[in-house]
1. What's the magnitude of the charge dipole for segment 11-136 around its Cα centre, counting Lys and Arg as +1 and Asp and Glu as -1 at the beta-carbon? Answer in Debye, nearest 20.
2. If we count every other residue with Cβ under 12 angstrom of V52's Cβ, Lys/Arg +1 and Asp/Glu -1, where does the sum land?
3. As a check on your grasp of the helix formula, calculate [θ] at 222 nm for the chain: sum -39500 (n - 2.57) over DSSP H runs of n ≥ 4, divide by the residue count, round to the nearest 500.
4. Leaving out ligands and nucleic acids, and using a 1.4 Å probe, what accessible area per residue does the chain come to in Å²?
5. In the chain, if the dipole is taken from +1 on Lys/Arg beta carbons and -1 on Asp/Glu beta carbons about the Cα centre, which of T70, G9, Y109 is farthest to the positive end?
6. Rounded, prolate or oblate: which fits segment 12-112, taking a ≥ b ≥ c as square roots of the Cα gyration tensor eigenvalues, rounded meaning a/c under 1.5, else prolate when a/b beats b/c?
7. Mind checking the angle between helix 23-34 and the chain's longest principal axis? C-alpha axes, 0 to 90 degrees, to the nearest 10.
8. Kindly state, to the nearest 0.05, the FRET efficiency for C15 paired with D90, given R0 = 22 Å and r defined as their beta-carbon distance.
Amino acid sequence: MSRVCALKGKRVSVCLPARVDQVARAREFVLTTLGAGHPCTGVLQLIVDELVTNSIVHSESGRRPDGTVTVALTSHSRRIRAEITDAGSDTLPRLRDVDYCAESGRGLYMVDALAASWDCFRDPSGTTTTWAEVAS
């Protein structure tokens, strides 16, 4: 039986301070929610790590002393969805040209390769949610 059943379509979330030292807590949230034996845990930890880091580095959440990032997990239709919500920025997350000499800039390519699908949206208040789904 799949361990996805533990979520049973519920949304489980955690709101974290938008600081780099909290990325490990986001990975731990995935591990605690799904369990070490779940087949999606490792992949979702990588995806959440990248998306939370992007939120902290590129959104208003990371620029504010009281900024936060929310990580949510849900299961549906044999998929697990991770949603990362932040205070938004001038642009939405997108794949960009890779500078192979740069030390960063490839995180969304990893998310794109690991996820069954991913996208992002901005609500009217400017809050941005980036989501990724993996097959369970």
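The values are calculated or read from the model by the stated rules, or taken from the named source; none is laboratory data. Quantities reported herein were computed from a predicted structural model and do not represent experimental measurements. With ideal geometry, Cβ positions are generated from the backbone for all residues, glycine too; neighbour counts draw on all protein chains shown. Calculation scope for accessible area: heavy atoms of the full protein, side chains included, ligands and nucleic acids excluded. Shrake-Rupley method; radii C 1.70, N 1.55, O 1.52, S 1.80 Å.
1. Using Cβ point charges on Lys, Arg, Asp and Glu, segment 11-136 gives about 340 debye.
2. Details: positive: R19, R25, R27; negative: D21, E28, D49, E50, E83, D86.
Once all neighbours under 12 Å are counted, the net charge is -3.
3. On the way: 4 runs with 42 residues, N = 136.
Calculated at 222 nm, the ellipticity per residue is -9000 deg cm²/dmol.
4. Values: 7570 Å² over 136 residues.
Computed with neighbouring chains in place, this is 56 Å² per residue.
5. G9
6. Numbers: a/c = 1.82, a/b = 1.26, b/c = 1.44.
Note, shape of segment 12-112 comes out oblate.
7. Approximately 20 degrees, to the nearest 10.
8. Values: r = 23 Å, r/R0 = 1.06.
The pair C15/D90 has a calculated efficiency of 0.40.
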